[in-house]
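A short worksheet on the structure shown next.
We did not get these values from a lab; they are worked out from the coordinates using the rules stated. Being a predicted model, the structure only gives us computed values, none of them experimental. Every residue, glycine among them, receives a Cβ derived from its backbone with ideal geometry; neighbour counts consider all protein chains shown.
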Amino acid sequence: MSQGISLKQAEKRVFAATFQDGLWDIFAGCCVLIFAVAPFLTSTVLGDFWSSVVFLPFWAAVCAAIWVIRKRVVAPRIGVVRFGPFRKAKLVRFTTIMLIVNVAGLIIGFLAARSTGRSGWAVATVFGLQVLTIFSVAAFFLDCPRFYLYGGTMALGRLVGEWLYIHLGARHHGFPITFGVAACIMIGVGLIKFALLLRDHPLPDSHASGAEP
Amino acid sequence: MAEHQTDEAGLHLLAGIDQVVHAPARLMVLTYLYVVESVDFVFLKNVTGLTWGNLSTHLSRLEDAGYVAIEKGFRGKKPHTMIHLTEQGRTAFRHYRESIQRVLDDLPD
């Protein structure tokens, strides 16, 4: 084992330590949950526009809650780290690629829907591939392998949803079932990881804090 | 004869190894500090698995050698300590890596 490899491992270990709180999983799960609930609002009380607007405060509340929890609960337990230039450059590349993938996905999805006359299978396949790409990019750049699983679950779930819609008459192209299940898995994993963090990293007591150099 | 000289060269390099860096706990601390910009005391304690007192002692030693800088402050009402590697510490760590690599490379099987 060379020194170079162990330094890379050390850097990865430090970065992975910031993901052990499960908050990213809960955040991703809440985003996916929107897809599960949105069809009900669109088809019942609210139209397309208002059913989208109504999620903005929900999304803002989730972001705010995660920020507060990370600052008040997580940071005192696992500590604070400022990453070096290697990781910062990787995160900049991640943000840029995510932006490109999302915009490209939006355009391809729009074109696929138009050219196939909103054929369920075509849209489901394109959507599945987009989601798989987005989560795979996130898994690779964030060194978080379970995001591959989330991407696969959602991509496959979308196809299963379409099958349920066609063969068993599931409502809203099976969105509530497939995305609801995916969201539950993500939020469940996040909550378990968060609970494990609280168990494994109790707050340092005041006596121990006094021992800081 | 040539093998004997190689052995000696390796051992001379070993004598020149920086003992402040070479101690396993301090080497671990420096390795983590080398790959980040800065960390706080709690994070360093968690990733290294050292106790409060042990980590505190090793950090003091590294600070005395001028390898790390320790910034004490407050987060709210609680004390908060940030630690980062100084340029001198970064150079010492790089030098240590090169030296130990050379020692191990020079040793015969």
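The table below lists the values:
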{"quantity": "Within-14-Å neighbourhood charge of B:VAL21 [Cβ basis; K, R +1; D, E -1]", "calculated": "+1"}
{"quantity": "Listed residues B:GLY76, B:ALA23, A:LEU168: farthest to the positive end of the dipole of the protein assembly as shown (Cβ charges)", "calculated": "A:LEU168"}
{"quantity": "Value at 222 nm in deg cm²/dmol, rounded to 500, when DSSP H runs of n ≥ 4 in chain B each add -39,500 (n - 2.57)", "calculated": "-20000 deg cm²/dmol"}
{"quantity": "Shape parameters for the range A:16-201, alpha-carbon atoms, Rg then Dmax in Å", "calculated": "17.8, 54"}
{"quantity": "Spacing of the two label points (7 Å from each Cα toward its C-beta) at B:ALA15 and A:ARG199, in nm", "calculated": "5.5 nm"}
{"quantity": "Residue with peak Gaussian network fluctuation, chain B [Cα springs, cutoff 10 Å], from B:ALA25, B:ALA69, B:ALA15", "calculated": "B:ALA15"}
{"quantity": "Distance (nanometres) between label positions extended 7 Å along Cα→Cβ at A:TRP50 and A:ALA16", "calculated": "4.9 nm"}
{"quantity": "Chain A: DSSP helices with Cα axial extent of at least 20 Å and average Kyte-Doolittle hydropathy no lower than 1.6", "calculated": "A:23-43, A:55-69, A:120-141, A:175-200"}
{"quantity": "For the range A:61-107, fraction of C-alpha pairs farther apart than 19 Å, in %", "calculated": "56 percent"}
{"quantity": "Net charge contributed by nearby residues that have their C-beta within less than 15 Å of B:ASP64 (K/R +1, D/E -1)", "calculated": "0"}
{"quantity": "Alpha-carbon centroid distance for the pair the range A:31-110 / the range A:119-192, whole angstrom", "calculated": "16 Å"}
{"quantity": "Listed residues A:CYS184, A:THR153, A:ALA36: farthest to the positive end of the dipole of chain A (Cβ charges)", "calculated": "A:THR153"}
{"quantity": "Alpha-carbon radius of gyration plus Dmax, which is the widest Cα pair, for the range A:86-140 in Å", "calculated": "13.5, 46"}
{"quantity": "Dipole magnitude of the protein assembly as shown, debye to nearest 20 (Cβ charges: Lys/Arg +1, Asp/Glu -1, about Cα centre)", "calculated": "1380 debye"}
{"quantity": "Theoretical gain in end-to-end length, B:GLU87 to B:THR57 [0.36 nm per residue, Cα-Cα removed]", "calculated": "8.7 nm"}
{"quantity": "Share of Cα-Cα pairs in the range B:21-99 lying beyond 14 Å, as whole percent", "calculated": "59 percent"}
{"quantity": "Over 29 Å [Cα-Cα, the protein assembly as shown], rounded percent", "calculated": "52 percent"}
{"quantity": "Radius 14 Å from Cβ of A:GLN20, net charge of other residues (Lys, Arg +1; Asp, Glu -1)", "calculated": "+3"}
